[in-house]
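What follows is calculated from the coordinates using simple rules that are stated; it is not laboratory data. Model, not experiment: these values are computed from the prediction. All Cβ positions, even for glycine, are placed from backbone atoms using ideal geometry, and neighbour counts span all protein chains on display.
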Amino acid sequence: VCLLALSLAPAALAGGTQPYIMDNAGILSSTESYTLEKEAENIAQRYGVGVYILTVNDYSLIDARGAYEAAYSFYHSRSLGAGADRNGAILLLSLNERDFAHFYYGEESEYAFSKYAQAQIEEVFLDNFASDGWFGGFSDYLSACGEYLALAAEGHPVRRSPALYIGISCAAALLIAFLVCTALKAKMKSVYVQARADNYASGSLRLARQTDRFTH
């Protein structure tokens, strides 16, 4: 096992670049770290977005404000990301608090990972984390990131379905129309059909000309 770990470590740091998998909490085996590293490396090479995983025992050692702030600070302090624009994503897991956060940076990354997409990605790995399935959760996270980046590359980034908004808009329009019609109907209650015109003709009506014409 020791020989395997020594042989895999240089691969993760090939070329002196920052590794994608940084297991500072030591919750992954060397084989698991290598497997995740290769998967993250393939994503970066294919889509130009670096996807990182960081485990720590206490996120407050990076930034005491919170797990998200720690992920943000770590990402920028290490100048993570792919390309000149440093497009990337990072998932931070803090073991002591069992807290996590994921942060996305760069135009391409933000295009692929909208707020809705981020919420969907959480559902992919949180079930694993609930049972301490760290490797499975990280693997699912990388797979989801690769899938979402592939869709974005095709011009179809993951977005919330507009059907819900359309339904709400239609329902609101119908409700407004109903209220308007109800109000108009209420104002028409005093209107009824007159059989005679007595109320419209005064006794002082005088005709300027009267003519009787025999026809039959």
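What to note about this one:
- Unique match (being on the phi > 0 side of the Ramachandran plot and of a type in the set (S, T, N, Q)) among SER114, SER79, SER109: SER79
- Looking across the range 109-139, the residues that are out of contact with any Gly (no Cβ under 9 Å at 6 or more places or on another chain) and of a type in the set (Asp, Glu) come down to GLU110, GLU122, GLU123, ASP132.
- Long-range neighbours under 8 Å by Cβ, at least six apart or interchain, first residue closer than 11 Å to LEU91 by Cα within the range 135-147, second of a type in the set (S, T, N, Q): GLY137/ASN128
- Some residue of the range 115-131 being assigned to a loop (DSSP other than H, G, I, E, B) and surrounded by 13 or more Cβ atoms within 10 Å (Cβ to Cβ): no
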